[in-house]
Amino acid sequence: MLELFLQSSKSGSKTKERVYSFVTEHQPVKAANLVPVLKSLYGIGGARGEFGNGLHGYDHDSKGMRLEWSNADGSHETAFTWNKVAATILQLIREGRYDERFPPFPPAETEWTLFDYAAQIEHEASESTAQDIDSDFVSNHQDSINSVPDDIPASSLPIEAVNFRFNPESSPYPSGPKGKFRRNVDAIRLLKQLETENRLATPDEQQVLAGYVG
């Protein structure tokens, strides 16, 4: 019933606007931070009548809010502390259910996939290296593709396909959000490199790729 009351017009259109503004302007906001604001906005008051959803009375003072309502089980009267009211409002705002005029806040973070990371890294790499491309190398690359100079790194030579074997003594799986992010980025960068070089991963590189955890 508390959620229904807070969502209804009885909670006050202007009051809801001020509450939402406070939350968005002082993020992160905890319930304790919002309590003084609610006390000031609601003050002391109340009303009796038929307000829909079984609600037929409410009042609020310095201690909190009290609702009177009825359902199939009979009449009820429930008191809520301001801390409970504040926590409920914050949840409604996060879920976008506080008022249809207001979007959820804070906005939900977009979950990135491997392809999203790869696209971003590819874009950043293309911007940083666009002016460094050697046109002579590009034009002569086909002529030299069948020859392997002595100074070509071993990593550029053809690699025999080998199945990845998990080594429990050197686990690729990170711990903590920072480690997870770093391993994901390393794996994506390596994946793009392998695609560009059109080759298979070495055993060491397989260990890096196995560190991607999404």
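Bear in mind that the values in this text are calculations on the coordinates, not laboratory data. Quick caveat, the model's predicted, so the values are computed rather than measured. A quick note on method: Cβ atoms are made from the backbone with ideal geometry, for glycine too, and the neighbour counts reach across all protein chains shown.
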Please report, in cubic angstrom per residue, the volume enclosed by the convex hull of the alpha-carbon atoms of region 2-95.
92
With θ taken as phi - 60° and the coefficients 6.51, -1.76 and 1.60, list the Karplus ³J(HN,Hα) couplings across region 91-105 in order, rounded to whole Hz; mark glycine and proline as x.
5, 4, 5, 4, 8, x, 10, 6, 7, 5, 6, 10, x, x, 8
When the dipole is taken about the Cα centre of region 39-99, and only Lys, Arg (+1) and Asp, Glu (-1) are charged at their Cβ, what size is it in debye, to the nearest 20?
280
Residue by residue, what Karplus-based ³J(HN,Hα) values in Hz, rounded to whole numbers, does region 4-15 have, using 6.51, -1.76 and 1.60 with θ = phi - 60° and x for Gly and Pro?
4, 5, 5, 7, 7, 5, 5, 6, x, 4, 5, 4
Which of the peptides 3-13, 79-89, 46-56 is most tightly packed, and how do the rest follow, judged by the mean count of other Cβ atoms within 10 Å per residue?
79-89, 3-13, 46-56
